[in-house]
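Working notes, beginning with the structure itself.
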Amino acid sequence: MNPNTPLLIYNSLSGEKEVFKPIIAGKVGMYVCGPTLYSEPHMGNMRTFINFDLIYRYLLYLGYQVKYVRNITDAGHITNSAGEAVDSIGKAARVEQVQSLEIVYKYNVKFQDLQRIYNLLPPSIEPTATGHIQEQIEVIEKIIENGFAYVVNGSVYFDVRAYGEKFEYGILSGRKVDELAEETRELNAQDEKRFFADFALWKKANPDDMQIWRSPWGDGNPGWHIECTAMSTKYLGDQFDIHGGGLDLKFPHHEDEIAQSCGSAGVSPANYWMHANMLNVNGQKMSKSLGNYFLPKEIVDGTTEVFDKPYSPQVIRFCMMQAHYRSTLDFTPDSLNAAEKGFTRLSEAYGKLGSLETADTSSQNVQALVDSLYKAMNDDFNAPMLVAGLFEAVKYINTVSEGKATITSGDLELLTKEFTGFVFDVLGLTIEKSSAGSDGALTAAMDLVLDMRKSARENKDWSTSDKIRDRLAEAGIVVKDGKDGVTWTVK
């Protein structure tokens, strides 16, 4: 850890950046809300998972021992913010005429594949809602025992008014109960609830429910929020360091998690609440109705109509690092193409590191350059600032390679260690060395192919020259013509 710049985290609970102080020195407990397995995650969901992968990676890079818990929602009967019963998994199962478990398994396989494609580190623990029904029941029993919930006709509701006499409901979102009253409408099951803002902890089963569990209150299904309270506290304790998720979960999901934890254990679960912002496409929020909706696999395969060509997962991931996790990110052809060019520059610079000549002095302060990388990430995981610092390093690497700057062997060792560490371990990119640092059969083959292309260009056989370049591009090899000659990079 860089001692001169403490890690600052923007805490949604306080609305300010705060110095990060883990509950146990050297260790971090982090819980992030995972996918609901009724469909494949869309690109906006993947942005959230990639952002928290970045955060996880940097905490590991600083030397923390991190227990990262990210849940899998495979219990389909949920009660949404309007108090309406929504069995998303059951609905999907009926459409495909299969059992709920088949839907869950199908989309879990897809989600695990996306983690591999986008190079996400697996969490320490990935618990499922259906595997923790008993824990959810036990938390609900504690809330009832403490006087913050009541049973009606086989369902259990959280008592917001009783809770408000001891704790503040709305402490995370800033939304007040009287303001919520103005937003409400006639709700499903409203006649069962004592107060409009009360929310379901357990819902009595409907005859057509495809997933049903036994409980002290009768057969039924868990509410929307209770699984996260049960699983986060089971694996991280009643209080842990970081709770994260998409901005859309701030209210009511995370607000109600706080209420459930205070109602059952008497304490708020997390010290730092982090929320990742949304993804826009061509200036508009991603939406099926707007026609700008696509899946993470489609943009890689080139099967989406939103963009006219495929992009590699690493380019997409790198593009996401161009915006801070708390800012909106706009996916456009220009932003993706710029990320593609930037990714190639990083690749080329990485390829040159192993062949740089050293000198007695360094013409640039390498330690200050390295410090800037830590300073960027210690400022609430500021990936755009980190990328800017890395490109300062790229510029320096290129000038040394051209003989216009110098670097000592010690500084080269430091720069190589931190440049590769931040690119690979923190940003989570996978980069192959360019021809500047490659050897073996591929280099020999590329030398032959580029000689053929050079001959074609000298003979003004532009058709053959372009064909060679295009076929190489299809194979993932980018050829770049520069004033110093031709270079190539493997994506």
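The values are calculated or read from the model by the stated rules, or taken from the named source; none is laboratory data. Source: prediction; values computed, not measured. Every residue, glycine as well, gets a Cβ built from its backbone with ideal geometry; the counts of neighbours run over all protein chains shown. Each accessible area value is taken on the protein alone, full model and side chains, heavy atoms only, with ligands, DNA and RNA left out. Shrake-Rupley method; radii C 1.70, N 1.55, O 1.52, S 1.80 Å.
Report those helices (runs of 4 or more DSSP H) wholly inside the stretch 82-162 carrying at least 2 residues which are at pLDDT below 95 and within 17 Å of GLU40 (Cβ to Cβ).
Once the helices (runs of 4 or more DSSP H) in the stretch 82-162 are filtered for at least 2 residues that are at pLDDT below 95 and within 17 Å of GLU40 (Cβ to Cβ), what remains is 88-96, 100-117.
On the basis of being closer than 30 Å to VAL152 by Cα, open to solvent by less than 50 Å² (accessible area, probe 1.4 Å), outside any strand (DSSP E or B) and among the β-branched types (Val, Ile, Thr), does ILE299 make the cut?
No: the conditions fail for ILE299.
Tell me, which residue of the stretch 27-50 that is assigned to a loop (DSSP other than H, G, I, E, B) and touching a strand residue (DSSP E or B) at 6+ places or on another chain (Cβ under 6 Å) is surrounded by the most Cβ atoms within 10 Å (Cβ to Cβ)?
GLY34
Residue by residue through the stretch 379-404, note down the ones that are in a loop (DSSP other than H, G, I, E, B) and not small (Gly, Ala, Ser).
Across the stretch 379-404, the qualifying residues are ASP380, PHE381, ASN382, GLU402, LYS404.
Could you grab me the full set of residues in the stretch 51-62 that are more than 9 Å from the chain's Cα centre (by Cα) and open to solvent by less than 10 Å² (accessible area, probe 1.4 Å)?
Scanning the stretch 51-62 gives TYR58, LEU59.
What do you reckon, is VAL104 farther than 23 Å from VAL267 by Cα and in contact (Cβ under 8 Å) with a residue 12 or more places away in the chain?
So VAL104 fits the description; yes.
Can you work out which of the residues in the stretch 205-247 that are touching a Ser or Thr at 6+ places or on another chain (Cβ under 6 Å) and at pLDDT below 95 is surrounded by the fewest Cβ atoms within 10 Å (Cβ to Cβ)?
For the stretch 205-247, the residue satisfying everything is MET210.
Among the residues of the stretch 323-333, is any of a type in the set (Val, Ile, Thr), surrounded by fewer than 16 Cβ atoms within 10 Å (Cβ to Cβ) and without any contact (Cβ under 8 Å) to a residue 40 or more places away in the chain?
No, there is no match, as no residue in the stretch 323-333 is of a type in the set (Val, Ile, Thr), surrounded by fewer than 16 Cβ atoms within 10 Å (Cβ to Cβ) and without any contact (Cβ under 8 Å) to a residue 40 or more places away in the chain.
Could you pull out the residue among ALA339, ALA359, ALA376, ALA368 that is open to solvent by 20 Å² or more (accessible area, probe 1.4 Å), free of Cβ contacts under 8 Å to residues at least 60 places away in the same chain and in a helix (DSSP H, G or I)?
Selected residue: ALA368, the only one of ALA339, ALA359, ALA376, ALA368 that is open to solvent by 20 Å² or more (accessible area, probe 1.4 Å), free of Cβ contacts under 8 Å to residues at least 60 places away in the same chain and in a helix (DSSP H, G or I).
How many residues does the stretch 7-20 hold that are open to solvent by 20 Å² or more (accessible area, probe 1.4 Å), part of a loop (DSSP other than H, G, I, E, B) and either in contact with a strand residue (DSSP E or B) (Cβ under 8 Å, 6 or more places away or on another chain) or touching a residue at least 60 places away in the same chain (Cβ under 8 Å) (or both)?
Final tally of qualifying residues: 1.
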